[in-house]
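Worksheet: one structure, shown below.
Values quoted throughout were computed directly from the atomic coordinates according to the rules given, and no laboratory measurement underlies them. It should be emphasised that the depicted structure is a prediction, and the values quoted were computed from it without experimental measurement. Cβ sites come from the backbone with ideal geometry, for glycine too, and all protein chains shown count toward neighbours.
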Amino acid sequence: MIRKQFFIREDQNEKLKALCARLGVSEAELIREGIDMIIRDREEEEQSWKEGLKKVLDMEGDFDDLKKTVENNRKNWNKRVDTLMQQGLLREQQKNEAS
């Protein structure tokens, strides 16, 4: 084992001592367990992020469909804006802001 020294706040010290007493473990053991939990959580987050990025990068074929969907949504949006303009519910300035 490697020895480490660090500072903790007074409230952390009190809570650490109380938790160790309840669990019947040493402060060092609880601190090591906490470090392991943090490392594991961070590694899982990083792995999850990498897997998500890989899925996006592997979607080459799906980008054509995405582009079509965006184009269709844009056309439908423009149609709705034009309809609102014709009905007098939207002014030219608002149309420019909405587009």
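Return the distance in nm (one decimal) between the two label points of a simple spin-label model at Arg32 and Lys50, each offset 7 Å from Cα along Cα→Cβ.
That separation, rounded to one decimal, is 2.7 nm.
Ignoring everything except DSSP H segments at least 4 long, calculate the 222 nm mean residue ellipticity for the chain; use -39,500 (n - 2.57) per segment, divide by total residues, nearest 500. Numbers along the way, then the final one.
Values: 4 runs with 77 residues, N = 99.
About -26500 deg cm²/dmol.
Between Glu46, Glu14, Glu27, find the one with the highest GNM mean-square fluctuation for the chain; connect C-alpha pairs within less than 10 Å.
Glu14
Could you list the trypsin sites (Lys or Arg not before Pro) in segment 1-53 that lie in coil according to DSSP, counting only those with at most 15 other Cβ atoms within 10 Å of their Cβ? Could you put the intermediate results ahead of the total?
Numbers: sites: Arg3, Lys4, Arg9, Lys15, Lys17, Arg22, Arg32, Arg40, Arg42, Lys50; in loops: Arg3, Lys4, Arg9.
Passing both the DSSP loop test and the Cβ count: Arg3, Lys4, Arg9.
Where in the chain lies the longest segment free of chymotrypsin sites (Phe, Trp or Tyr not before Pro) that are both loop residues by DSSP (not H, G, I, E, B) and have at most 13 other Cβ atoms within 10 Å?
The reported range is 8-99.
Using 10 Å bins from zero, what percent of all Cα-Cα pairs in the chain falls into each bin?
Reading upward from the zero bin: 12, 20, 14, 13, 12, 16, 13, 2.
Any chance you could run the full-extension gain for Leu84 through Leu57? It's 0.36 nm times the residue separation minus the Cα-Cα distance, nm to one decimal.
Numbers: separation 27, 0.36 × 27 = 9.72 nm, distance 3.89 nm.
Residue separation times 0.36 nm, minus the Cα-Cα distance, leaves 5.8 nm.
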